[in-house]
Amino acid sequence: MDSQTLAQDLEASILSATTPPKISAALSSIAAFLRRHTSDQLRPFFSLVFPSLLRRLFGFDSISWLEIGTSDRELSSQLFTFLAPGGPLFSSISSVDQESLVRYIFPTERLPEWMRYALQSSISSEVLASISPLFSSRIKEDELQNLKQIQLNVFQYYIFWFAYYPVSRGTAVLSNSGSGRATRKTRLENWVSSIPVISSSGRKPGQRPESSLYLQLLYSYLKAFVPKLGSGSFMPYRSSLLNYSMNDDELAYLQAEFVVQTFVQFWMVDNDLSPLPAQVARSLGLSFLYQAMLGTTPLTPGLGDVLKLLVNYLYWCPSSPKDGNPHMLFDKLLQRPLYRFILRSFLYCPIGASVKNSVQIFSLWMAYIQPWHISKKDFTEFESTKEQRDEGGNHREKGYTVVWRGYVLDNYLFYSSLVVHFLEFAHKFIHADVESVTKMVSEVLEVLCSSTELLALLYRVNTAYSTKQAVSSSYMTNDLYKYVSSIQEKLQDWEDGMWDSDINVSILRERSSMDLRFFSDGDDGASNLLQLLILRAEHEIHLLSGDVSRHLQFLDLIKAKAKKLFGEQIAKTPEKISPKESPANQKEYFTLRRPKVGKYKGDWMKRPISDTEVAWLAVVLIRVSDWLNQYLSLDGSVETDDVGPTYVEVKGNEVRQITGPKEVLWLLLMLVFAWFGVMCNLVIGFMRRHGMKINLRFLASKRLVAFFVLSLLWPVIVRGLSGVGVLLGLS
């Protein structure tokens, strides 16, 4: 009873603590309470106080304690000490979880989008457990309410809320930017700057950067819960762990996997159009119908810093990779979600958004493709002086060497296809911020040209990929041919669903093509995209006022690196072309070309939006057509053999005399409707048998829209002209 009463008092003090002095006092009281009570006496605390503590820490309905701590150094230090893995809170969490005293239900509405949909669908718990470790042994079914929920212990519950925190902050930024989707697309300037807990505060030149409290906690949790496990000390196959009791290494791996999986699902996957590998989804017959609802919703902002810290930590090892990097165990877990997250960030970044919002994602990508540059200094801002002294220096190569060959081959698409998509993104924003865009382009080209060995490897893989189909296997001497099938499978899987949507805005892209385009000499190849980008950058720089020497310097660097990548032709630009002197040439060089409609080989209704269509109307008509095809089972969901005539049971003994003209008219109307229904069924059946679908997209033609608008306005125009004539006659 004493612990119950004290817990109630603590809850009241926590809920009323909104200033640094009150928060400090509440933290001291909680720490004292946790130290005085044993694990079996802590049930009231974790039942009553802990949910309120999380509510105040992360501020889901008001300003969070973490935010308040950013402006108070002493409070920030106290919060970190209290929430650190070795602090009083986690010590109590560990003891309570060992005895399984408390379990929580995590709110379904706070889960990542795809997990929320999966739990609300008819997919069985057994299937859900097989597709994600986060579902395994954690799904609780309520048969009365027909609900599936995730049940977690105290540690898992805290990690879920910790992962959700930056998502909630970013969602708040989107909601504050405007209520409608169209408004959110064009008002994302505050992606990071308005999130003080995630973004670092301003500092003077030369001053040591101070990381946010959230990033410090994230780093401490990674060090504690995703430790540098010895490579080869265990085999992380969960199926075999059921046959014997797990040792400490195996338990540590399962905990590390849970932490990493949680961060990946909340931060990377979330509302992905294809959250699971395509092959897995097809084999289990899973279809995520929520895709149509997502549309062009931008990704949650403000996640670049947390993801970069996660990637840097997982791919950093003090020794050479040839000695084994234990964090490479999570490489397969990260590859697909990270590739799709970066691609979606570039693809769905709306026109009007600040380019600065994408710099974080670009920095994350650069960190991932240069693991040899990750060093101890990348984490010094998150560590105390004692930790820096204890761990010593870092002995790591500072550039690409042959020991990283396997890493590059396994992540080849990050060095090739993603570069092409980034160049398409650069075309979309070159007019908005030519300096930032040219700087990013220069940086990615610098990575590719930084090592002769790396560039040669990329060339050889492309050669193997391009010639495998044309060369007999008996003549294959390139040792990289064995990687081609894997690259093809990854390209199809990692970009699954990206090009089937009407929201695609990439330029020079044939959506049905799944070939590598980095070294392609076609219109959609990287060399031509880069050449066009150089021309457009020169045009934008000419339009700037003031000193443009720095912009021209970046442009010269791009030309030099492009020349190294693609040869002499890329750097040749027509010197006589001036945007002011030659409007015709300007239009030719600086107009973005779209894919030729005649070459499109995919679903004709989902072809890229052309210049002859009203874009927003085409999007609406595509979605209406999709809904009609699904509602009428024209999408192949119903087998044609099962579609037959409809029989209606009629009682034959009931004979009713028809009297009066109203009943005769009603009977005729019913016959017309019945005839119309029969004809519709016949037409729908014919369409099903022949695989035909409804396609209303032709109504989005600009000519047709102009005709309809003119037809509607013509009577008004005629009346207006006649009125003018009358007035002129009177005058």
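The values are calculated or read from the model by the stated rules, or taken from the named source; none is laboratory data. Remember, it's a predicted structure, so these values are computed and weren't measured experimentally. As a convention, Cβ positions derive from the backbone with ideal geometry for all residues, glycine included, and neighbour counts pool all protein chains shown. For accessibility, only protein heavy atoms count, side chains too; no ligands or nucleic acids. Shrake-Rupley method; radii C 1.70, N 1.55, O 1.52, S 1.80 Å.
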Single unsatisfied condition, GLN78 versus (1) modelled with pLDDT under 95; (2) under 20 Å from THR18 (Cβ atoms): (1)
Of all residues in segment 139-175 being closer than 22 Å to SER62 by Cβ and open to solvent by 50 Å² or more (accessible area, probe 1.4 Å), the one that is modelled with the lowest pLDDT: SER175
Every residue from segment 426-439 that is in a helix (DSSP H, G or I) and either touching a Gly at 6+ places or on another chain (Cβ under 8 Å) or open to solvent by 10 Å² or more (accessible area, probe 1.4 Å) (or both): LYS428, VAL434, GLU435, SER436, LYS439
Inter-residue pairs, beta-carbon under 7 Å, first within 19 Å of TYR412 (Cβ to Cβ) and in segment 439-451, second open to solvent by 10 Å² or more (accessible area, probe 1.4 Å) and assigned to a loop (DSSP other than H, G, I, E, B), 6+ apart: VAL447/GLN370; SER450/GLY399; SER450/TYR400; SER451/GLY399; SER451/TYR400
Segment 30-52, residues that are closer than 11 Å to PRO88 by Cβ, open to solvent by 30 Å² or more (accessible area, probe 1.4 Å) and of a type outside the set (A, V, I, L, M): ARG35, ARG36
Count of residues meeting criterion [of a type in the set (A, V, I, L, M, F, W, C) and in contact with a strand residue (DSSP E or B) (Cβ under 8 Å, 6 or more places away or on another chain)] in segment 699-719: 1
Flag if LEU111 is closer than 27 Å to PRO44 by Cα, crowded, with 16+ Cβ neighbours inside 10 Å and either out of contact with any Gly (no Cβ under 7 Å at 6 or more places or on another chain) or modelled with pLDDT of 90 or more (or both): yes
Condition broken by ARG703, with the remaining ones in (1) at pLDDT 85 or above; (2) in a loop (DSSP other than H, G, I, E, B); (3) not hydrophobic (A, V, I, L, M, F, W, C) satisfied: (2)
Any hit, segment 120-127, residues being touching a helix residue (DSSP H, G or I) at 6+ places or on another chain (Cβ under 6 Å) and not basic (Lys, Arg): no
Cross-chain or 6+ apart pairs with Cβ under 7 Å, segment 403-414 first and open to solvent by 10 Å² or more (accessible area, probe 1.4 Å), then not in a helix (DSSP H, G or I): VAL403/SER320
Residue that is assigned to a helix (DSSP H, G or I) and surrounded by fewer than 20 Cβ atoms within 10 Å (Cβ to Cβ), where the choices are LEU445, LEU455, LEU423: LEU455
Criterion (assigned to a helix (DSSP H, G or I) and either buried (at least 17 other Cβ atoms within 10 Å of the Cβ) or under 28 Å from the mean Cα position of the chain (by Cα) (or both)) met by exactly one of PHE60, PHE82: PHE82
Evaluation of VAL672 against (1) β-branched (Val, Ile, Thr); (2) loosely packed, with under 14 Cβ neighbours inside 10 Å; (3) within 47 Å of the chain's Cα centre (by Cα) (one fails), failing number: (3)
Hits in segment 126-135 - residues which are within 18 Å of PHE258 (Cβ to Cβ) and without any contact (Cβ under 8 Å) to a residue 24 or more places away in the chain: LEU128, ALA129, PHE135
Hits in segment 617-649 (condition: in a helix (DSSP H, G or I), at pLDDT 50 or above, within 23 Å of SER287 (Cα to Cα) and of a type outside the set (Gly, Ala, Ser)): VAL619, VAL620, LEU621, ILE622, ARG623, VAL624, ASP626, TRP627, LEU628, ASN629, GLN630, TYR631
For ARG55: the one exception among (1) open to solvent by less than 50 Å² (accessible area, probe 1.4 Å); (2) out of contact with any strand residue (DSSP E or B) (no Cβ under 9 Å at 6 or more places or on another chain); (3) of a type outside the set (Val, Ile, Thr): (1)
Residues that are surrounded by 19 or more Cβ atoms within 10 Å (Cβ to Cβ), in contact with a Lys or Arg (Cβ under 8 Å, 6 or more places away or on another chain) and assigned to a helix (DSSP H, G or I), drawn from segment 4-22: ILE14
When residues of segment 255-285 are limited to those that are open to solvent by 30 Å² or more (accessible area, probe 1.4 Å) and outside any helix (DSSP H, G or I), the one farthest from ASP97 (Cα to Cα): GLY285
